[in-house]
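**Q** For reference, the structure I am asking about is given below.
The values are calculated or read from the model by the stated rules, or taken from the named source; none is laboratory data. As the structure is a computational prediction, the values presented were derived from the model and not from experiment. Cβ placement follows ideal geometry from the backbone for every residue including glycine, while neighbour counts extend to all protein chains displayed.
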Amino acid sequence: MPGARPVSVAWVAGAATLASKTAGYGGISFQSSLALLVVLDVLRQEGFQAIVAIHSPLVAALPGATTVELGEWGMRRADWADLDLVESWRDFLTAPQRWLRHLVDPPG
């Protein structure tokens, strides 16, 4: 996939270790998130469990995943649509100016 970051998977004696290196604060791209979903689904089909800490609503949408959200309240199970990160992205994509007016000065 264009722009995708490499994801490495190592299989050792019935266990899998998945490592992804992201530079700085950039996170993983849209394409890399989709690739990671595929890897996690293959692991699920093989009977593995994974603990994934990520700020990607795409990866959090993995069908059948148990999602735990961490925040000022501690840890809690949450449905994908109710995750703070999903609500924030949805709100931003619906009306970016509502967010941007507090963050950047208007041009000119």
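**Q** Mind listing whichever residues of segment 78-102 are under 16 Å from the mean Cα position of the chain (by Cα) and either among the basic types (Lys, Arg) or assigned by TED's automatic domain parsing to the domain that holds Gln45 (or both)?
**A** Arg90
**Q** Hey, another quick one. Any idea which of Leu93, Leu43 is assigned to a helix (DSSP H, G or I), at pLDDT below 90 and aliphatic (A, V, I, L, M)?
**A** From the options Leu93, Leu43, the qualifying one is Leu43.
**Q** Still on this structure, I have one more. Say whether the condition of being in a helix (DSSP H, G or I) and out of contact with any strand residue (DSSP E or B) (no Cβ under 7 Å at 6 or more places or on another chain) is met by at least one residue in segment 68-75.
**A** no
**Q** Quick check on my filter: what residues within segment 48-75 are at pLDDT below 85, more than 21 Å from Gln31 (Cα to Cα) and surrounded by fewer than 10 Cβ atoms within 10 Å (Cβ to Cβ)?
**A** Across segment 48-75, the qualifying residue is only Gln49.
**Q** If we keep just the residues of segment 53-63 that are farther than 14 Å from Val38 by Cβ and assigned to a loop (DSSP other than H, G, I, E, B), which is farthest from the chain's Cα centre (by Cα)?
**A** This residue is Ala53.
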